[in-house]
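I have a structure here, written as structure tokens, and I will follow up with some questions on it.
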Amino acid sequence: MRSEQEAVQAVERYADTVRRVCALHLKNYADTEDIFQTVFLKYVLSTTVFESQEHEKAWFIRVTVNACRDLLKSFFRSRTVSLDALPELPAAMPPDHREVLEAVLTLPEKYRDVVYLHYYETYTAPQISRILGKNVNTVYTLLTRSKQLLREKLEGCADE
């Protein structure tokens, strides 16, 4: 483990390099800051002995690149969509659709998400497939099945 003085010196020497490498890979300030902290924490906990300042700088760059790649291929990243990639304004829900919304909320999750995104947020099936990470044909199938389930639920409500 390294001393506080060594850590401060490393931050002074390599902070700009680490941030630039992160920005190049991640293009996101918050993720850059997360990786920045991760890299310097690894440095403090590392017992690697550096042969020279160039060796140390190369170590920082390599660790930064690897941390960025790990973040980019993480499970969370592969299952989400940036808010910037979503359409601007979601559709406003009319207040008289409460009964329908309650029926939608009783659907199993795999149907509920698709129905909500399609009918309430007005996404297309291809957009939903990107958001949820599902095949477009799967989204169409889920929409068809959920319509049938909703029809049965809502007809049951009308009979009561």
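May I ask you to rank 149, 107 by accessible area, largest first, using a 1.4 Å probe over the protein chains only?
149, 107
Sticking with this one: For residue 123, list long-range residues whose amide hydrogen, built 1.01 Å from N in the peptide plane, is under 5 Å from its own amide hydrogen.
Hits under the 5 Å cutoff: 118.
Just by accessible area at a 1.4 angstrom probe, what is the order of 99, 56, 51 from largest to smallest?
Most to least solvent-accessible, the answer reads 51, 99, 56.
Gain in length, residue 122 to residue 136, computed as 0.36 nm per residue apart minus the alpha-carbon separation, to one decimal in nm?
Extending this stretch completely gives an extra 3.5 nm.
Please sort 19-29, 40-50 by packing, taking for each peptide the average over its residues of neighbouring beta carbons within 10 angstrom, highest first.
19-29, 40-50
Using a basic spin-label model with each label point 7 Å from the Cα along Cα→Cβ, how many nm lie between residue 27 and residue 45?
Here the modelled spin labels are 3.0 nm apart.
The values are calculated or read from the model by the stated rules, or taken from the named source; none is laboratory data. Being a predicted model, the structure only gives us computed values, none of them experimental. Cβ coordinates were reconstructed from backbone atoms using ideal geometry, including for glycine residues, and neighbour counts include every protein chain displayed. Each accessible area value is taken on the protein alone, full model and side chains, heavy atoms only, with ligands, DNA and RNA left out. Shrake-Rupley method; radii C 1.70, N 1.55, O 1.52, S 1.80 Å.
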